[in-house]
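Asker: Quick one: structure below, then a few questions.
The values are calculated or read from the model by the stated rules, or taken from the named source; none is laboratory data. A quick note: this is a predicted structure, and the numbers were derived from the prediction, not measured. Glycine gets a Cβ as well: all are built from the backbone with ideal geometry, and neighbour counts include every protein chain shown. These area figures cover heavy atoms from the full protein model, side chains too; ligands, DNA and RNA do not enter into them. Shrake-Rupley method; radii C 1.70, N 1.55, O 1.52, S 1.80 Å.
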Amino acid sequence: MSIALIIPDRDLTQLEQRLQASLTDTKVEIWPNISQKDQVEFALVWKPPLGSLSSLTNLKAIQCFGAGVDAILLDPALPDVPIARIVDDKLNQTMVNYLQGVVAHYKLRLDQFSQQQQQGIWKPKSPRKLASICILGLGELGSAAAKHFVDLGYQVSGWSRTAKKLADVTCYSGEAELSQAVANADVVICLLPLTDKTENLLNAAVFAQFKTNSIFINVARGAIVDDKALIDALDSGKLQAACLDVFRQEPLANTDPFWQHPAILITPHISAVTNLNSAIEQTLLNYQRYKQGLPMLNVIDRKQGY
Ligand code: NAP
Ligand code: GLV
């Protein structure tokens, strides 16, 4: 039996050595250098190349190296095996820290002062009044963020697929309630998974429901947003700023208009990077559970796509 690590464009030396050191009876190999594909029963993956998983004819379980499984589900020939994802308090905390920093950036008008600095302008302004935050997606990351902003004293609303109850959060659910969820928020944060239902969800019609002058933060996946609709919403003044950590195409192409837009802040998909120790712990635990015939922890629902 062997484990395949399918995580392209990344130095996997440490990951491979640490997993191998804990698994004396199992070979750990790095894709595409797999000695016997039919021996691979378990794969640890991130953005696996199309066809890589379907070529493993004896695959029984997949562990995703991150929280979002959209890149795994892209493969039409994906074997019908359980897929587990990372669920980690450390990841939640990293995301919460990022979001708190971005909200503080806008609250303190650092975006405007940075532009003033470039023009040598000395013009004091009082902080923006950002009192209400809406979080689209109330799962592991979204509910942690919602709780954090409640604790900081914000009015928090949230939106999910199924109805939720979270202390001091006004919860909305289902397509029909999306417009209510975003209507009064000074800041809207996207923490939805990318699925058939959420692709291009944030389009011109939805941005039109946002509060005028609101700020949009996308830390989920780029394809949830209609890029042109976002730029139009910024240009028309419907939105006053957007912070984007994720993009349809990553790395973002040099020619992408997002780079030069004065109201867009770009970060290179760093808001919540998987903690290596947590990924190793969760992979080893799920592998042991698989070998013992137990269900893996944090298995996603393939039908829902997350
Ligand atoms: P999660 O636990 O699976 O939660 C997803 C949330 O979205 C749930 O509340 C779910 O509703 C809601 N949802 C799903 N489909 C919906 C729909 N059609 N309409 C309304 N709500 C919908 O996911 P998570 O761990 O919080 O992570 C969210 C996403 O963040 C990941 O999928 C990934 O793409 C992204 N992410 C980004 C980074 C980064 O560094 N930028 C890091 C980690 C994760 P229910 O509660 O009703 O199921
Ligand atoms: C990162 O984007 C993740 O989904 O973990």
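Asker: Which one, Met296, Ala21, Met1, is farthest towards the positive end of the dipole of the chain when Lys and Arg carry +1 and Asp and Glu -1 on their Cβ?
Answerer: Met296
Asker: Right, something else. Relative contact order for the chain using alpha-carbon pairs under 8 Å, separation at least 6, rounded to a whole percent?
Answerer: RCO, the chain: 15 percent.
Asker: Roughly how many debye, to the nearest 20, is the charge dipole of segment 89-266 about its Cα centre, given +1 on each Lys and Arg Cβ, -1 on each Asp and Glu Cβ, and no other charges?
Answerer: 560 debye
Asker: Ignoring ligands, DNA and RNA, please state the percent of accessible area on the chain from carbon and sulfur, probe 1.4 Å.
Answerer: 51 percent
Asker: In the chain, what percentage of the DSSP-assigned beta bridges are antiparallel, given to the nearest 5?
Answerer: In the chain, DSSP labels about 5 percent of beta bridges as antiparallel.
Asker: Taking 0.36 nm per intervening residue step and subtracting the Cα-Cα distance, what contour gain separates Arg109 from Lys197 on full extension?
Answerer: Computed gain between Arg109 and Lys197 is 28.2 nm.
Asker: Heavy-atom accessible area per residue, segment 165-251, 1.4 Å probe: how many Å²?
Answerer: Value for segment 165-251: 44 Å² per residue.
Asker: Ranked from highest to lowest mean number of other Cβ atoms within 10 Å per residue, what is the order of the peptides 4-15, 155-166?
Answerer: 155-166, 4-15
Asker: Let me understand segment 217-306 better: what is its radius of gyration from the alpha carbons, and its Dmax, in angstrom?
Answerer: Gyration radius and largest Cα-Cα distance of segment 217-306: 18.5, 58 Å.
Asker: According to a simple spin-label model (label point 7 Å from Cα along Cα-to-Cβ), what is the distance in nm between Lys125 and Ser179?
Answerer: Once both label points are built, they end up 3.0 nm from each other.
Asker: Among Phe258, Tyr172, Gln240, whose Cα lies farthest out toward the positive end of the dipole of segment 89-266, if unit charges sit on the beta carbon of Lys, Arg (+1) and Asp, Glu (-1)?
Answerer: After comparing all options, I get Gln240.
Asker: Right, here's the next one. Relative to the compact globular guide of 2.2 N^0.38 Å, what is the alpha carbon radius of gyration of segment 89-266, as a ratio?
Answerer: Relative to the rule-of-thumb radius for its length, segment 89-266 sits at 1.00.
Asker: Please give the contour-minus-distance gain from Gln304 to Thr255: 0.36 nm per residue of separation, less the Cα-Cα distance, rounded to one decimal in nm.
Answerer: So the extension gain works out to 14.2 nm.
Asker: On the principal axes of its Cα set, how long, how wide and how thick is segment 138-225? Give whole Å, largest value first.
Answerer: Here the Cα extents, ordered largest to smallest, are 31, 27, 23 Å.
Asker: Under a Cβ-Cβ cut-off of 15 Å, what is the net charge of the residues other than Pro76 that fall near it, where Lys and Arg count +1 and Asp and Glu count -1?
Answerer: Spelling it out: positives minus negatives among the neighbours equals -3.
Asker: Under 9 Å from the Cβ of Met1, count the other residues' Cβ atoms, weight Lys and Arg +1, Asp and Glu -1, and hand me the total.
Answerer: With Lys, Arg at +1 and Asp, Glu at -1, the neighbours total 0.
Asker: Cα atoms only, the chain: Rg and Dmax in Å?
Answerer: In Å, with Rg to one decimal and Dmax whole: 21.0, 67.
Asker: Mean Kyte-Doolittle of at least 0.5 and a Cα length of 20 Å or more along the axis: which whole DSSP H helices of the chain meet both?
Answerer: Answer set is empty.
Asker: Give, as a single signed number, the net charge of other residues whose beta carbon lies under 14 Å from the beta carbon of Tyr290, with Lys and Arg counted +1 and Asp and Glu -1.
Answerer: Every neighbour counted, the sum reads +1.
Asker: Sticking with this structure for a sec: How high is the relative contact order of segment 89-266, in percent, with contacts defined as C-alpha pairs under 8 Å that are six or more residues apart?
Answerer: Relative contact order for segment 89-266 comes out at 15 percent.
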